[in-house]
1. May I ask you to say which residue of 107, 134 is within 20 Å of residue 249 (Cβ to Cβ) and at pLDDT 80 or above?
2. Of the numbered conditions (1) over 19 Å from residue 204 (Cβ atoms); (2) buried (at least 18 other Cβ atoms within 10 Å of the Cβ); (3) touching a strand residue (DSSP E or B) at 6+ places or on another chain (Cβ under 7 Å), residue 118 fails exactly one; give the number of that condition.
3. Could you check segment 200-240 for strands (runs of 3 or more DSSP E) lying wholly inside it with 1 or more residues that are in contact (Cβ under 8 Å) with a residue 60 or more places away in the chain?
4. Among 183, 217, which is the only one that is crowded, with 16+ Cβ neighbours inside 10 Å, under 20 Å from residue 250 (Cα atoms), in the same structural domain as residue 238 (by TED's automatic domain parsing) and in contact with a strand residue (DSSP E or B) (Cβ under 6 Å, 6 or more places away or on another chain)?
5. Would you mind finding the one in 67, 52 that is over 32 Å from the mean Cα position of the chain (by Cα), in a helix (DSSP H, G or I) and either over 30 Å from residue 142 (Cα atoms) or at pLDDT 80 or above (or both)?
6. For residue 183, indicate whether it is on the phi < 0 side of the Ramachandran plot, over 21 Å from the mean Cα position of the chain (by Cα) and modelled with pLDDT of 90 or more.
């Protein structure tokens with residue numbers, strides 16, 4: 001029986017390990033960049049065209065193959081134009097050190113502090129507010145219903161947005177990572193019949209968006225100044241600033257710790 005020589009596997013070296021890690025980091029940043037955005041749909045369309053091209057070559061569909069091949073030289077420029085904002089955001093993320101996970105904890109801590117300062121002041125002044133923190137499930141659909149901001153999270157900007165006489169007072173502010181993505185966003189209202197009788201529009205919207213996503217929603221009542229938080233479709237009413245800080249730090253990953261126990265949420 002003849003001896004069959006098996007192909008030798010490439011030797012795993014330090015350089016190849018670094019190469020694999022670098023590619024993995026870039027792919028991870030790409031996923032973060034397109035998550036919850038129209039970019040994902042555009043990339044799906046591009047991959048579909050590539051798949052159609054492969055099929056055209058395999059099936060000898062010369063006319064279709066020629067058309068797609070003629071579009072290829074212009075694809076690189078088109079991608080740069082279409083994805084310029086995402087590319088700029090990715091480069092900024094890497095420039096701030098977040099591409100390698102450096103500085104992320106500090107930035108999330110700063111975002112938490114700015115939100116807490118704004119919520120405390122709005123609660124004291126009985127200024128109504130609704131702030132939604134995006135997590136793993138993208139909220140792009142709701143972001144596009146509001147007014148684009150794309151700015152850093154700051155107490156002053158949050159207070160200006162929810163100023164009762166301001167144009168952006170109604171609706172929600174949605175925060176993505178360390179950015180205020182949009183204001184005056186429309187959110188789905190919960191259809192729970194109990195909520196329809198007992199809760200105002202802001203509280204019902206906070207519960208509604210957390211029923212459809214894993215977001216954390218913060219509500220300040222303009223009638224009482226009480227602070228409430230919604231998560232997983234449940235609402236915890238009249239919480240303290242300390243309790244809100246605990247929820248924010250747990251959900252943003254600033255501190256390590258188990259998730260809030262289910263019994264701590266007042267299921268209405």
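1. From the options 107, 134, the qualifying one is 134.
2. Condition not satisfied by residue 118: (3).
3. Counting at least 1 such residues, we get 216-220, 227-231.
4. After applying the criteria, what remains is 217.
5. 67
6. Answer is no for this residue.
Okay, residues lined up against (1) at pLDDT below 80; (2) assigned to a helix (DSSP H, G or I); (3) on the phi < 0 side of the Ramachandran plot:
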position	(1), (2), (3)
3	yes, no, yes
23	no, yes, yes
48	no, yes, yes
80	yes, yes, yes
86	yes, yes, yes
99	yes, yes, yes
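The values are calculated or read from the model by the stated rules, or taken from the named source; none is laboratory data. Everything numeric in this text was worked out from a predicted model, so none of it was measured. Glycine also receives a Cβ, built like all others from the backbone with ideal geometry; neighbour counts cover every protein chain displayed.
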